[in-house]
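Below is one structure; the comments refer to it alone.
A short reminder: the numbers here are calculations on the coordinates, not readings from a lab. These figures come from a predicted structure and were not determined experimentally. Positions of Cβ are generated from backbone atoms using ideal geometry, with glycine treated the same way; all protein chains shown enter the neighbour counts.
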Amino acid sequence: MRSGLANAVESVLFVAEKPVSRAELGRVVGATPKQVDTALAELAASYQGTGLRLAHDGDDWQLVTAPEHAQHVAAYLGADRLRVSPASLETLAIVAYRQPVTRAEVEAIRGVNCDQTIYTLMQRRLIEERGRREAPGRPILYGTTWEFLECFGLSSLDELPRALTPEGAVPGTGERDAVTDGSA
Amino acid sequence: MILGPEGPHVTVEGFDGPLDLLLELVEEKKLDVLTVRLGDLADAYLVRVRAMAALPADEVSAFLALASRLVLLKARSLLPSLVPLSELDEGETEDELRARLLEYSIVRERAGALGDRLRSGERGFHREGGTPDLPPRGGEVQALAAAWSKVLALASRAREEGVVAPSERYSVEERTAEIEAIVTERDEVTFTELLSTEPTLGWAVVTFIALLDLYRRGVIDLEQSALFADILIRAKKRP
């Protein structure tokens, strides 16, 4: 049995059309942030093995459908599959793992100009501006968005390292993994 | 990502870059990024860069910069006694370049994993459609019951009158003219007044349609101060 507070939080998240902050959840259900955290953890655990997931980006929370059932929801919504070029995926990977990050930092890692890929990712709302770095020129900082989490079926950024470990990934790089493993 | 034998693959959004090319060479030769002598790749790298003659100069320049670095590393390994010209000229050392290449290889692996995840289509969706449509505030609990009893009263009266005058007919045009006259004369009148105390259903309907028509023509303004309050009908001020 779930606690009354977890149920209250669930009902609010059910009607919410956009992510709800922990503070607001606390205000509307009349609980302290700590109690809300407990309720959210309880809720997340109770969604194991169901069609729903509890996702969060920082302190903002939202109910989303389970990635396993994406094809059914996509069929219902008539949603198209997102396509992203390899170059944009590289930029996205850097932003996802290093956020908040400046364009110059992305370019230093990729070794190429990244204007276009950053523009494309912004257009698709996979990344967004996150203020500016207090450094000469005050460069814009970039981070990932809710759309990013949804498009990649992640419940939160914490799932990023787990979901994208070298082992679980690219077919055809097995050789390289073996070499890396052997030398480690 | 597979590179054809003709050289680096160029995407619409931008080429994959010099580090990408270098990493491809390491992988093609089944070497390890951690141990390969990067200078040894200089020749193979230059062959690929030469094949890029068709590309715009500013795009090739980054490849050339790395090519010159590789040639320097190669020269250094062939002639270990070579003395650095100066701190400034030396630039990126082999270790620094290797570190960059390693970091880039991790990024490429992660990008590949992200791409796989995208292709698998296993994504989440949030609820679409916005906040439920709520009725305007100010409704009273008893309002529905009161409205229902009014309807019942109206219906029973209409039935009685139906018996008395079954052939009674109202014309919307006549009623429209009547209301227009009343509004012009009195400036404002309530819907209840127009219905009079004992309206039949037909009378109420004709009055209502007449009002809608007047409103459509811009003769009157309608105003209701609260939900279920009496409707106020005013002559529209003509500028």
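Compute the Cα gyration tensor for chain A, then decide on rounded, prolate or oblate, letting a ≥ b ≥ c be the square roots of its eigenvalues: rounded whenever a/c is under 1.5, prolate when a/b is larger than b/c in the other cases, and oblate in all that remain.
It comes out prolate by the Cα gyration axes.
Within 10 Å of each residue's Cβ, count the other Cβ atoms and sort B:Ile233, B:Ile182 from fewest upward.
If I rank by nearby Cβ atoms, fewest first, I get B:Ile182, B:Ile233.
Beyond 16 Å, what share of the Cα-Cα pairs of segment A:86-163 remains, rounded to the nearest whole percent?
In whole percent, the long-distance tail amounts to 46.
Write down the Å³ per residue value for the convex hull defined by the alpha carbon atoms of segment A:4-70.
80 Å³
Is there a simple number for the mean count of other chain Cβ atoms within 10 Å of the Cβ of residues in A:78-87, and what is it?
5
Nearest 10 degrees is fine. How inclined is helix A:33-46 to the longest principal axis of chain A, computing both from alpha carbons?
80 degrees
Give me the angle, in degrees from 0 to 90, between the Cα long axis of helix A:174-183 and the longest principal axis of the Cα atoms of chain A, rounded to the nearest 10.
Approximately 80 degrees, to the nearest ten.
With a 10 Å radius around each residue's Cβ, average the other Cβ atoms per peptide and rank B:67-77, A:148-158, highest first.
Listed from highest to lowest mean packing, they are A:148-158, B:67-77.
Can you list the residues, at least 5 places off or on another chain, whose amide H is less than 5 Å from the amide H of B:Arg123, using H built in the peptide plane?
A:Ala70
If one computes the Cα centroid of segment B:185-213 and of segment A:1-80, what distance in Å separates the two points?
Comparing the Cα centres of segment B:185-213 and segment A:1-80, I get a distance of 52 Å.
Describe numerically, in nm with one decimal, the distance between label points set 7 Å from Cα along Cα→Cβ at B:Leu102 and at A:Ala74.
3.7 nm
Based on DSSP H runs of at least 4 residues, each adding -39500 (n - 2.57), what is the mean residue ellipticity at 222 nm of chain A after dividing by all its residues, to the nearest 500 deg cm²/dmol?
-14500 deg cm²/dmol
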